[in-house]
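Since the structure comes first, as structure tokens, the remarks are kept for the end.
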Amino acid sequence: SAKEKGRNCYHYFTNSMQEQVERGGQLANDLRYALKKNQLELYYQPIVALGTGQIRKAEALIRWHHPELGMVSPAEFIPIAEETGTIVEIGDWVFRQAADQVAHWRREYQNDFQVSINKSPVQFREGGSDITSWLEHLLALGLPGQAVVIEITEGLLLDGSSRIVIDKLLAFRDSGIEVSLDDFGTGYSSMSYLRKFHIDNLKIDQSFVRNLKVDSDDMILCEAIIIMAHKLGMQVIAEGIENEEQRRLLSAAGCDYGQGYLFAKPLPEKDFSCLLLRHIHVA
Ligand code: C2E
Ligand code: MG
Ligand code: MG
Ligand code: MG
């Protein structure tokens, strides 16, 4: 009967919600030990200059190898890390790992190579002295600030009237560390923040790239973003490039860099290093 079906639905729904809550609780708990137990790893995805085809930067993307649940996506565990506060410790680890790695690639591959890391708004809101300790780490490695790029999202700038956020962004600028605005075009905020904050690069969100075709609305939006960014002195990175057509259209529109499965998926450090070495020899 309909009533029975309804009851089944209800039960099914609560069960799955229950499971989600339990999984969330387990993840929150296990995440506290993930770093100590060496379960976290950084993967790297190439960011390619569309004009020359050269790999110029890498975005560091975190992976969690959970002993029972297998690979857990950052889309699932980063929000939990933000809620529980472990993101601060994880964020510092990501920074140090990525900095050590870029020092290596600058020696072995390209002396102006950059590594880009995602920085959570929670890391900004915490008072903390992360910038000072980050700069000390770079100094110890003999690296200039320019070796590192931090990726932030529009959400951070929405409540960017906060003194802490503004001061941290200013400190990054003074240190030479570049700032990229990630997932650009998906936020709700006005664009006034582009004037207010010092932003070096816009990353066009992959939702604009996915269905890119000549004369499509998405194409018009990409072209407008690229023109605006360049006039404001910013460079543009398109995310989610999966085919040759998208690469060609974005390149023709003057987009500076591209990132996506067409070039490579995010790779473990060893595979990324191999890719760079091969790249030197074919380039
Ligand atoms: P994001 O920063 O926007 O990273 C780009 C995401 O798009 C990555 O997902 C990447 O694997 C995926 N991607 C790249 N190229 C393509 C493509 O051609 N097609 C498609 N469909 N997807 C592509 P991933 O690695 O699962 O990361 C998801 C999100 O998790 C990231 O989005 C970022 O917001 C967050 N995240 C990842 N690592 C970190 C981290 O170390 N710290 C913080 N705070 N957040 C992180
Ligand atoms: Mg990113
Ligand atoms: Mg993105
Ligand atoms: Mg994202």
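Every number in this text was worked out from the coordinates using simple rules, so none of it is lab data. Just so we're clear, the structure is a prediction, and the values are computed from it rather than from any experiment. FYI the Cβ positions are ideal-geometry reconstructions off the backbone, even for glycines, and counts take in every protein chain you see.
Taking Arg63, Arg32, Arg23 in turn, the Gaussian network model of the chain (Cα-Cα springs below 10 Å) assigns the largest fluctuation to Arg23.
Computing FRET efficiency as 1/(1 + (r/R0)^6) for Glu245 and Gln26, where r is the C-beta to C-beta distance and R0 is 41 Å, gives about 0.45. GNM remark for the chain: springs join alpha carbons under 10 Å apart, and the peak mean-square fluctuation among Lys57, Lys265, Lys231 falls on Lys231. Of all segments of the chain bounded by chymotrypsin sites (Phe, Trp or Tyr not before Pro) found in a DSSP loop with no more than 13 other C-beta atoms within 10 Å, the longest spans 1-187. When Thr84, Thr52 are sorted by how many other C-beta atoms sit within 10 angstrom of their C-beta, beginning with the fewest, the order is Thr52, Thr84. Here the extension length gained between Ile220 and Leu35 equals 62.2 nm, from 0.36 nm per residue of separation less the Cα-Cα distance. For Val88 and Gln54, a Förster radius of 22 Å and the Cβ-Cβ distance give a FRET efficiency of 0.05, rounded to the nearest 0.05. Exceeding 23 Å between C-alpha atoms, which entries from my cross-link table qualify? They are Lys119/Lys196; Lys119/Lys203; Lys37/Lys203; Lys57/Lys270; Lys168/Lys196; Lys203/Lys231. Over 23 Å apart, Cα to Cα: Lys37/Lys203. Within the chain, DSSP assigns beta bridges of which about 40% are antiparallel (rounded to the nearest 5). Note on the chain: with a GNM built from Cα contacts shorter than 10 Å, the maximum mean-square fluctuation among Ile55, Ile164, Ile152 falls on Ile164.
When Asp174, Asp200 are arranged by Cβ crowding within 10 Å, least crowded first, meaning fewest neighbours, the order is Asp174, Asp200.
A dipole drawn for segment 168-258 from +1 and -1 charges on Cβ atoms has a positive end, and of Met234, Ser180, His198 the residue lying farthest that way is His198.
In a DSSP loop and with at most 15 other Cβ atoms within 10 Å, the GluC sites (Glu not before Pro) in segment 37-116 are Glu68.
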